[in-house]
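Okay, so here's the structure we're looking at.
FYI, it's all coordinate maths here, none of it is from the lab. Keep in mind the model is a prediction, meaning the values are calculated, not measured. Every residue, glycine as well, gets a Cβ built from its backbone with ideal geometry; the counts of neighbours run over all protein chains shown.
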Amino acid sequence: MPDFAPLLRDVFGFDAFRPGQEEIVDAVTAGRNVLAIMPTGGGKSLCFQLPALARDGVTVVISPLIALMRDQVRALQEAGVEAGALTSGNTPEETEAVWQALDEGRLKLLYMAPERLASGSAMAMLRRINVSLIAVDEAHCVSQWGHDFRPDYLRIGELRQALDVPLAAFTATADAETRLEIVEKLFDGEPPQTFLRGFDRPNIHLAFAAKDSPRRQILDFAAARRGRSGIVYCGTRAKTEALAQALREDRHPACHYHGGMEAEDRRSVEARFAREDGLIVVATVAFGMGIDKPDIRWVAHADLPKSIEAYYQEIGRAGRDGAPAETLTLFGPDDIRLRRTQIDEGLAPPERRAADHARLNSLLGLAEALDCRRQTLLAYFGEESEPCGKCDLCDSPADVFDGTTPVRMALSAILRTEEWFGSGHLIDILLGQDTEKIRARRHDQLPTYGVGKEYSKSQWQAIFRQMMGRDLVRPDPERHGALRMTEAAAPILRGEDSVRLRRDTIRSAARRPAVKA
Ligand code: ADP
Ligand code: ZN
C-alpha cells in the first residue's frame, strides 16, 4: 500500500484517518469491489477521493446530490486536484472544460449525476476514456423500496459490467435488505468486500482529566496498572525521555520512542514492545503506524492530542483483542495554547487553519463534555448512542453549574469590542484591569469593564475554553485569532437559552500545576 499520510495531509489537510477510513481506502485502492456503510458525516468522500489520487486513470463518481458534487469538486480543485462534474447545473463553459480535461487525460475525478448515464454519448465517452474505478455515493438510491429510489441508479450495474472496473459503493443506510439490494443491483449479486462497523470500541474505557500535576497523574495511572503493557503519548520528544526515566525510577519497564531516534533504536523498541509483556512505551505520535500489538491494556495522553481524530486513533491502539482496556487523556491551558500556535504558525491556508481550530475545539468539547464521553465522541462521528456506562462521566457525573451569567458577560465583552480581541484582553476587560491596551482603546469606559471580578483570571480562561469547546465562540484566523460569536451563542445572549458549565475543570484549572512534567 502507498503511504497515504502525505496525500492526507497535503491535499486534504487531515492529520489522521477517521475510524474505518483506512481499511476502506486500502481495499478500494487495491481494486477490490467494496460496499462501505458509514454514518452520515463519518467521512465517506475521502474513501474514494484518496484512492482516486493513488490510482491511474479516472475515477467516476456517481452522486444524486448536485450541490454536494459541486462543493466537492470545488474543494478538490482548490486543493490542486483535477476534478470536474457533469451535471445539469453546469454552464456550457464548465462542461467544455471537463471534456477538454478528459481529452487531455488530465482528469482524476469525474462527478456525474445518474441521469447522465441514460445518455448514449456519456456512455460512449466513459468507454473511450481510461476509467479505473466507479464510486457510488448514496448507494441506497438503487433500492426500489427505499424512499430515495433513483431509477437511473439501475444503470450503474450495467456501466460496471461494460467497463469491467472495480466499484466502491457508499451509503449510510445499514439495514440488511437495502444492503442485499445494493449487492444485487450494483454488483450483480457477487458479494463485495463489505465494511460495516460502528465507530464504537466498547471495551475501551474513556477518561479525561485536567492537568494538575501531570507527571504525578501519569505515574499514578501507570502504577495502578503495573505489569500491563501501555503507551504514554507526549507532545514533545524531550518529554518522552524524561517521563520514561521517571517511570523506570518507579520500577516500571519503560522506554521512550520518537522520530528523532535512529531507525535501528526505534526498531528495537518496537520489537521489544511486541515481544515483552508489561512494557510501557513513552512516545510521540511517531509511535503508532505499524504497531499491531493486540493486548495493549492502556493508553495515556500526557498532553492533549491535536484533534479528535488523532485522539480516537491513539486510544484505539488499546484493547484490539477486545478485552477491557483503559485510557486517560490529560489537558491543560498550556496544551491548548501550544496547539493553537502550531495551527496559526503552520503553513496551511486560512480556511484550513479555521477547520483545524474547529477540530481542536471539538476535542476541547470532548475534554469538558457534560455527559457521557462516548456519546459525545460518537456524535462527533455522526453516530447516535446511549450513555455507555464505561467512561469517567458515566462513572461519576460532572460537577456542573448554571454558567449563563458569566457566558453572557463574556459574549457582551466580545460584542462591545466588535469581535476584534482574543481572550487575554477580553479577560482583562472583565476583570477591570488597568493595562495600557485598555487605556489606549478606552475599554475602561465599556459597561462590561470590571463586571467579572467574581471569577479569577484562570477561571475566566477555563470559561472561555468551555465556550470554545461548545462552539459558542470561535477564533478568527483572519483577525489574529480574535474571538467571534457563533450562531449558537445568539439565544444565550438574548436570554432564551442557558448554558451549563463544568465547575470541576474550572476549579482545577485555577490551581495551576506546581510541578511540571
Ligand atoms: P459523509 O459523506 O460521510 O457524510 P464527508 O465525506 O462529507 O462525510 O465528511 C464529513 C466531514 O468530515 C467533512 O467535513 C470532512 O472534511 C471531515 N473529514 C473526513 N475525513 C476526515 C479526517 N480523516 N480527518 C478530519 N476530518 C475529516
Ligand atoms: Zn459514558
Worksheet, complete the sentence: Cross-link reach from Lys211 to lysines, straight Cα distance under 18 Å and at least 8 residues apart if same chain, gives Lys239, Lys306, Lys457, Lys516
Discussion item. Between region 87-105 and region 431-476, how far is it from one alpha carbon centroid to the other, in angstrom?
Written reply: 52
Worksheet, complete the sentence: For region 360-517, using Cα atoms only, the Rg and Dmax in Å read 16.6, 53
Worksheet item: How high is the relative contact order of the chain, in percent, counting Cα pairs under 8 Å that sit 6 or more residues apart?
Response: 13
Worksheet item: Counting Lys and Arg as +1 and Asp and Glu as -1, what is the net charge of the other residues whose Cβ lies under 12 Å from the Cβ of Arg74?
Response: -3
Discussion item. Sort 371-384, 4-17 by the packing proxy (mean of other Cβ within 10 Å over each peptide's residues), most packed first.
Written reply: 371-384, 4-17
Worksheet item: So what's the chain giving for Cα Rg divided by 2.2 N^0.38 Å, two decimals?
Response: 1.09
Worksheet, complete the sentence: The exposure ranking of Val81, Val473, fewest beta-carbon neighbours within 10 Å first, is Val81, Val473
Worksheet entry | Antiparallel DSSP beta bridges within the chain, percent to nearest 5 | 15
Practice prompt. Starting from the Cα-Cα distance between Glu276 and Glu158, subtract it from 0.36 nm times their residue separation and give me the gain in nm to one decimal.
Written response: 37.1 nm
Practice prompt. Quick one: work out Rg over Rh on the C-alpha atoms of region 434-513, Rh as Kirkwood radius.
Written response: 0.99
Worksheet item: What is the Cα centroid distance between region 107-133 and region 173-192, reported in whole angstrom?
Response: 23
Worksheet item: Is any residue of region 157-178 close enough, with backbone N under 18 Å, to a label point placed 7 angstrom from the Cα of Leu65 along the Cα-Cβ axis, and if so, which?
Response: 169-175
Practice prompt. Treat each spin label as a single point 7 Å out from the Cα along the C-beta direction, and report the Arg128 to Trp99 distance in nm.
Written response: 0.9
Discussion item. Once each part is reduced to its C-alpha centroid, what is the distance from region 271-348 to region 1-60 in angstrom?
Written reply: 22
